[in-house]
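Q: Got a structure for you, written out below as C-alpha cells; questions coming shortly.
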Amino acid sequence: MRAGGRDRDGGWAGEGGRRIAAPLLLLILLQSVAGCDGVTADPGLNLGLRVPGRQLVPGALRSGDGPAITAVEIRDPLVRPGQGRYPLSGRAAHGAAAIHVARAGDDAWWVVPTGLPDPASPDEVDFALRFDLAPDVPEGPMVVTLRAVDADGRPGPLREARFTVGPAEPEGALVISLSWDAAADVDLYVLDPQGHLLSHADPNTYTPPRPGEPPAAPDAWRGGGILDRDAGADCAPEGRLAEHAVWADPPPAGDYVVSVDLASPCGHDRVAWRLTARLDGAIVAQAAGVLYPDDARRTTASGATPLRAASFRVP
C-alpha cells in the first residue's frame, strides 16, 4: 500500500494502510490545516527537516491545552544528513485532527493529518509520516518537536522525539555504497558467500536460531549485513539518492556479488549510477554505469535478475 494514495478498490488509504472512506477525504484534508494561519506553498528547502507532500507553516511551535500526543514510535533513532523517508509515527488523544512537526532550530512546522480512530483504542487516533533531512544537518543529537491540534485549531502539549544524526556515509567492516544521479527508484542487491541475498525485500542477512537451538543475544541481528534504506521507493523525492549495505562486524569470508536494478525510471530517460565497496576502509571494488527505462521494463516483464555490477572476495 503506498502512502497517501488510492487503494486498488478505489478508496483512499493513509500511510499506515488504514482505509479511509472517500466521503471523509475532504473532511480530513480540511482537518490537516487546522490551526494553521499563514499556510505557505514554500517547499521548505531551507529547513533541516522536510515532510514531502505536507503543508508548511512559518513560526515556532507553542504548547497549549488541546489534545495530547499519547505515544511516539521511532523505528530507528539513527538518521543521516541528506537522506530521507525516515518513519515517525504515534498516537494522539481522540479529537486530534492534525499533528504539527518541526525540527528544533527550524523556524516553521509541517502539518500531518491524523488517521481515523483505531477500533482497538477508540480514545486515540494514529498518525504516521516520513521525513527527509537536509544535506547540511549537523551530526549529533537532533530533537523533533510534535504537538496535536484539534479541528478548532486548539494545540496540545509539546512532545519530543529524539534522534542521532550520524555521518552521511555509514561505518562498518564492510560497506557497499550505491548512488545515482536522478530521482529514480534504483535498488542495491548483494549476494553473500552464505547464499543470502541482501535487498529491499530482505534487508538483513542475519538468520535467527532454528527451533531447538540456543536463543540468540537480543542484538544478534546487528551481526548480519544490513541494507540501510530503500531510497527512491515509489518515486518519492529525496535529498540524497543512495543505499548502503553494511556489515558492522567482520563479514563472512568468500565471494560477494553486487547487482544494481532499476525498479522504475520515474520519468527519467537515463540514470547514471556509481558503486564502491570498502573492506576495513580500503576499496575492494568499484563500478559505474547507466540504466535506461528499458532496463526497468525488462525486469518487470521477464523477472530477469538485476544487472551484475561487481564482485570481490573477502579473505
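Q: What does the extension gain come out to for A201 and A68, with contour length at 0.36 nm per residue minus their alpha carbon separation?
A: Gain in length upon complete extension: 44.3 nm.
Q: Net charge near G225: determine it from the other residues with C-beta under 13 Å of the C-beta of G225, scoring Lys and Arg +1 and Asp and Glu -1.
A: The answer is -4.
Q: List the chymotrypsin sites (Phe, Trp or Tyr not before Pro) within the range 145-195 that DSSP assigns to loop and that have no more than 15 neighbouring Cβ atoms inside 10 Å.
A: Values: sites: F163, W180, Y189; in loops: none.
Answer in residue order: no site qualifies.
Coordinate-derived values only; no laboratory data. Predicted, not measured: the structure shown is a model, and the values here were computed from it. Cβ sites come from the backbone with ideal geometry, for glycine too, and all protein chains shown count toward neighbours.
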